Amino acid sequence: MANIDVTIHKHDVLIVGAGGAGLRAALEASRQVNTAVISQVYPTRSHTVSAQGGIAASLGNVEPDNWLWHMFDTVKGSDYLGDQDAIEFLCRTAPEVVIELEHMGLPFSRIEGGTIFQRRFGGHTKDYGKEAVCRACAAADRTGHTLLHTLFEQCIKNGVAFYNEFFALEILKNEDHVVGVLAWDIVHGGFHIFHSKATMFATGGYTRVYRTTSNAHINTGDGLSLTLRAGLCVEDLEFVQFHPTGIYGAGNLITEGVRGEGGYLLNKNGDRFMKTYAPTVWDLASRDVVSRAMAEEMRHGRGCGEKGDFMLLKLDHLGADLIHERLPGIWDLAHVFAHVDCTKEPIPVTPTAHYSMGGIPTNRFAEVVIGSMDQPEQPVKGFYAAGESACASVHGANRLGCNSLLDIVVFGREGGRKMAAFAASLGEYVPLPDQAGAMGTAEVKNLLATTGKERMDSIWEVLRDTMEKNCGVFRTEETLTAQKQIVEQLCRRFKTVAIDDKSMTYNLDLLETLELGHMLDFSRAIVDGALARQESRGGHYRDDYPKRDDVTWHKHSLAYQEPDGSIRLDYKPVRMKPLTVPTFPPKERVY
Amino acid sequence: MAKSVTFSVFRYDPEQGRKPHYTDYQVDIERPGMMVLDGLNQIRWRQDGTLAYRRSCREGVCGSDGINVNGVNMLSCITHIEDLKDPIVVQPLPSMPVIKDLVVDLTDFYEKFYLVKPYLITKGPPPSDRERLQTPEQRKLLDGLYECILCACCTTSCPSYWADPEYLGPSALLNAWRFIVDSRDDGADERLEIINNRNGAWRCHTILNCVEACPKLLNPTEAIGQIKKTIVQRKF
Ligand SMILES: Cc1cc2nc3c(=O)[nH]c(=O)nc-3n(C[C@H](O)[C@H](O)[C@H](O)COP(=O)(O)OP(=O)(O)OC[C@H]3O[C@@H](n4cnc5c(N)ncnc54)[C@H](O)[C@@H]3O)c2cc1C
Ligand code: SF4
Ligand code: SF4
Ligand code: FES
């Protein structure tokens with residue numbers, strides 16, 4: 001293999017990922033220290049752009065609301081696995097960060113009187129579960145687009161340094177201190193070392209390991225496996241959210257905002273089946289509850305179509321005017337991907353893999369932490385994480401709609417502040433280790449030198465099909481044991497994978513193959529975590545253990561990677577003590 | 001429906017001595033509703049891994065995958081194969097330097113965007129404890145503007161931009177107008193001054209290519225018309 005140049009850059013703060021979390025952090029840090037962002041895609045192509053329905057905050061613009069109700073809903077939504085100090089921080093800070101976004105220029109929809117428009121959303125209630133409340137602050141159904149573009153605009157104004165189309169390959173550590181990242185220049189080829197005082201991962205979610213998914217092509221969870229490969233752990237990966245309303249056959253999301261505006265689900269008999277599963281809020285129950293109800297209906301032969309494998313989402317009764325005004329993006333998606341005019345006919349939908357509750361463990365300051373059942377959590381020096389790639393954990397076993405855009409802004413900002421302060425306190429850079437980046441450069445050089453017939457797609461296809469079948473909405477000991485073997489086998493096949501493209505310039509073949517390596521690595525943690533967890537909680541539903549078991553399983557899973565690629569599990573307690581209010585103790589979850 | 005269609009794809013790799021050329025691939029129609037992006041993925045995964053293109057969201061909202069198909073700029077991820085004439089000729093966006101295959105260098109496109117100060121400019125501080133107020137009617141003025149995904153389909157279809165690479169182009173101008181009409185913004189003067197020169201709004205000759213090219217059905221020509229009107233009224 002020919003020599004490939006290595007270029008070295010120095011920035012006080014380095015952020016990997018230019019979605020909402022990364023940009024909010026960059027904006028904050030750049031006000032104080034030299035800050036750079038690297039991203040695999042141009043910032044506005046990040047997945048945050050797809051978010052539709054809204055961002056949760058108890059502004060109370062439409063009806064009275066209260067951050068404590070929001071906190072209760074979030075704790076309950078998390079099936080009591082969320083950390084209550086972080087959740088209090090999230091919900092209390094929400095109104096402030098949303099107002100701040102408006103001040104930055106985010107074009108929220110408005111109500112009479114000129115305040116921000118808010119709509120109902122699943123799991124968000126008033127007065128501790130009494131009835132649904134308008135808490136989702138929205139810009140039509142393009143909230144993510146407006147949020148990402150607004151943050152990017154502000155970053156341009158603040159002169160943040162962007163390295164677009166750079167792909168992170170390895171976390172660089174000097175002993176126990178994270179000192180930067182090795183990356184690949186996608187456009188021109190070549191290695192780049194980013195030497196930093198503080199490094200944040202804001203690399204997004206991991207649901208591309210499932211066939212039916214609402215997620216972008218790039219959501220391959222690279223940040224998780226890079227963390228595992230650096231000898232650190234990841235948390236609660238077995239908790240994957242299946243959103244109830246993905247477009248049948250395509251997986252693209254139809255926002256819960258449709259049900260928030262008054263749309264509802266029907267089975268093949270035309271029944272509103274949600275009334276039996278969630279007698280109080282019906283279609284606006286938490287996502288795990290609705291997805292399971294749909295799957296249950298289909299199992300009992302009440303699904304629609306020849307194969308009985310989808311449900312109908314009816315919204316035409318809302319009227320064409322409201323749909324075009326508040327749900328224009330949904331009209332487009334239904335038209336393009338389902339050939340349906342949703343002002344006239346219902347949209348065929350099935351559950352779709354949507355959100356990664358698990359991620360890189362952090363505390364409420366976005367500092368990456370390591371702990372265990374008897375060791376209190378300790379920050380990893382110089383390392384931060386925020387957004388969907390992190391696990392704070394504010395979403396526990398199931399995330400509420402609109403809490404993720406909130407999460408990325410709250411913890412992005414907090415992490416930005418903490419990194420700037422840490423970088424300023426550090427004085428000198430901690431030096432790079434000897435042989436910095438040897439692992440990542442070898443990975444790329446080896447792939448560029450491969451010959452052989454095994455291609456990434458044939459492996460990936462098996463992975464995403466079997467993950468969906470064996471580790472999806474329903475799981476059992478049997479399916480998970482089978483899946484563990486399948487993933488191990490795929491990892492063996494991956495060792496002989498070859499790429500066609502050997503060039504330095506825009507080598508997508510190389511990138512996708514690297515990404516498959518990441519997906520295989522952390523899939524093992526998803527499956528092992530799910531197999532070990534003999535209970536049902538939030539997004540993790542075991543047919544063979546259908547009840548939540550707080551005695552044995554009220555704890556977070558941690559996964560470490562062994563040198564042979566296998567996973568070692570450990571656990572740590574849930575942080576039950578909020579900052580200023582009494583704990584919400586675990587209760588049965590009914591909607 | 002045909003069982004397969006021909007994709008005739010523009011290929012260029014700067015590391016190979018070869019000139020740009022077209023390669024034909026047969027794409028199997030495996031299910032109804034396949035998009036051009038599904039076809040490109042099929043080619044790369046099963047036939048030829050060396051093909052390069054951009055993509056991310058695969059649902060028409062991120063703007064990564066503007067390309068030229070049968071002579072028209074569009075997003076590969078929301079263009080149905082069955083709506084196209086076979087053979088399907090796939091090219092990079094016109095008039096931009098090609099990096100490889102369907103991937104073009106968008107540096108100039110973004111530079112133009114940055115030039116128009118595409119961010120809220122305010123003179124006074126915001127209210128301390130709540131949002132700035134904006135009526136639903138004021139907010140409505142942003143519809144048809146704020147949805148821009150920066151895909152470059154419009155600018156790269158504009159004959160004025162082809163003729164004069166210094167021209168700001170429809171996308172940058174539409175984005176400038178998005179802020180100028182925002183009731184919260186105080187930056188109209190700064191922006192109009194930038195736009196009111198020979199490479200700004202006056203380069204537009206209302207040829208309307210940009211409107212046809214926009215996959216989000218936005219109307220840059222109309223925005224440019226409004227800008228011209230405003231400049232004239234203000235007598236810069
Ligand atoms: C269709 C859809 C609708 C949604 N609607 C809502 C909603 O209404 N409300 C809500 O609260 N949430 C919603 N969500 C969830 C929410 O959008 C996401 O959880 C959130 O935007 C994640 O933001 P992020 O900044 O963490 O990551 P992302 O926006 O995914 O950004 C990840 C970044 O990391 C970069 N990256 C990744 N790997 C690498 C690498 N190896 N090297 C370099 N860069 C890398 C990428 O380039 C990208 O810039 C929705 C999600 C989907 C899919
Ligand atoms: S209308 Fe103006 S901006 Fe649009 S294509 Fe024609 S000259 Fe270009
Ligand atoms: S105006 Fe339309 S075509 Fe032009 S960049 Fe924006 S979305 Fe793309
Ligand atoms: S891939 Fe995002 S617009 Fe086509």
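The values are calculated or read from the model by the stated rules, or taken from the named source; none is laboratory data. Fair warning: this is a prediction, and the values are worked out from it, not measured in the lab. Cβ coordinates were reconstructed from backbone atoms using ideal geometry, including for glycine residues, and neighbour counts include every protein chain displayed. All accessible areas refer to the heavy atoms of the entire protein, side chains included, with ligands and DNA or RNA removed. Shrake-Rupley method; radii C 1.70, N 1.55, O 1.52, S 1.80 Å.
Quick look at the numbers
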read-out: Shape of the protein assembly as shown, Cα gyration tensor, a/c cut at 1.5; value: rounded
read-out: Charge-dipole axis of chain B as Lys and Arg at +1 and Asp and Glu at -1 on Cβ define it, positive-most pick from B:Pro165, B:Gly187, B:His205; value: B:Gly187
read-out: 5 angstrom amide H check on A:Thr352, placed H, neighbours 5+ away; value: A:His243, A:Thr245, A:Gly246
read-out: Per-residue average of Cβ from other chains inside 10 Å of A:93-105; value: 4
read-out: Percent carbon-and-sulfur accessible area, chain A, ignoring ligands, DNA and RNA, probe 1.4 Å; value: 50
read-out: Accessible heavy-atom area order of A:Thr476, A:Thr481, highest first, probe of 1.4 Å; value: A:Thr481, A:Thr476
read-out: Exercise: per-residue mean of other protein chain Cβ atoms within 10 Å, B:36-48; value: 2
read-out: Neighbour count of at most 14 Cβ within 10 Å plus DSSP loop: longest GluC sites (Glu not before Pro)-free window in chain B; value: B:31-165
read-out: Residue-wise HN-Hα coupling along region A:145-154, computed from phi with Karplus coefficients 6.51, -1.76, 1.60 (Hz; x: Gly, Pro); value: 4, 5, 5, 5, 5, 4, 5, 5, 4, 5
read-out: Under 5 Å, built H, 5+ apart or other chain: amide partners of B:Ile99; value: B:Val104, B:Asp105
read-out: Per-pair calculated FRET efficiency, R0 = 60 Å: B:Glu166 and A:Val551 via Cβ, rounded to 0.05; value: 0.25
read-out: Among B:Leu218, B:Thr155, A:Val473 - extreme Cα towards positive end, dipole of the protein assembly as shown, charges at beta-carbon; value: B:Leu218
read-out: Most to least packed among B:170-178, A:408-416, A:297-305 [average Cβ atoms within 10 Å]; value: A:408-416, B:170-178, A:297-305
read-out: Projected label distance in nm at B:His21 and A:Val462, using a 7 Å step from Cα toward the beta-carbon; value: 3.6
read-out: Normalised contact order of region B:115-236, rounded percent, pairs of Cα under 8 Å and 6 or more residues apart; value: 33
read-out: Added length on full extension, which subtracts the Cα-Cα distance from 0.36 nm per residue, A:Glu428 to A:Ala230; value: 69.0 nm
read-out: Distance violations [Cα-Cα > 18 Å] among A:Lys381/A:Lys555; A:Lys173/A:Lys381; A:Lys130/A:Lys275; A:Lys268/A:Lys469; value: A:Lys381/A:Lys555; A:Lys268/A:Lys469
read-out: Amide H partners (placed H, <5 Å) of A:Val179, local residues excluded; value: A:Leu172, A:Lys173, A:Asn174
read-out: Estimated distance in nm for a label pair at B:His80 and A:Asp341, the labels positioned 7 Å out from Cα along Cα-to-Cβ; value: 1.4
read-out: Residue among B:Gly17, B:Leu37, B:Gly66 farthest towards the positive dipole end of region B:4-104, charges placed on Cβ; value: B:Gly17
read-out: C-alpha long axis of helix A:456-470 to longest principal axis of chain A, angle in °; value: 40
read-out: Per-residue HN-Hα couplings for region A:375-382 [Karplus 6.51, -1.76, 1.60; θ = phi - 60°; Hz; x = Gly/Pro]; value: 10, x, 5, 10, x, 8, 4, x
read-out: Separation of the A:Arg493 and B:Asp129 label points, Cα + 7 Å toward Cβ, nm; value: 6.2
read-out: Karplus 3J(HN,Hα) series, Hz, for region A:265-271 with 6.51 cos²θ - 1.76 cosθ + 1.60 (x for Gly, Pro); value: 9, 10, 9, 5, 8, x, 8
read-out: Crossing angle, helix A:438-448 versus chain A [Cα axis fit, 0-90 degrees, rounded to tens]; value: 80
read-out: Average partner coverage of A:49-57, which counts Cβ from other chains inside 10 Å; value: 2
read-out: Fully extended contour minus Cα-Cα distance, from A:Thr481 to A:Arg272, at 0.36 nm per residue; value: 71.6 nm
read-out: At least 27 Å along the helix axis (C-alpha) and Kyte average at least -0.5, DSSP helices within chain B; value: none
read-out: Additional length obtainable on full extension of the chain from A:Asp309 to A:Gln534, 0.36 nm per residue less Cα span; value: 78.2 nm
read-out: Degrees separating the helix A:508-532 axis from the principal Cα axis of chain A, which is the longest one; value: 60
read-out: Paired Rg and Dmax values of region B:107-235, which use every Cα atom, in angstrom; value: 14.7, 50
read-out: Förster radius 60 Å - calculated FRET efficiency between A:Ala442 and B:Trp202 (Cβ-Cβ, nearest 0.05); value: 0.60
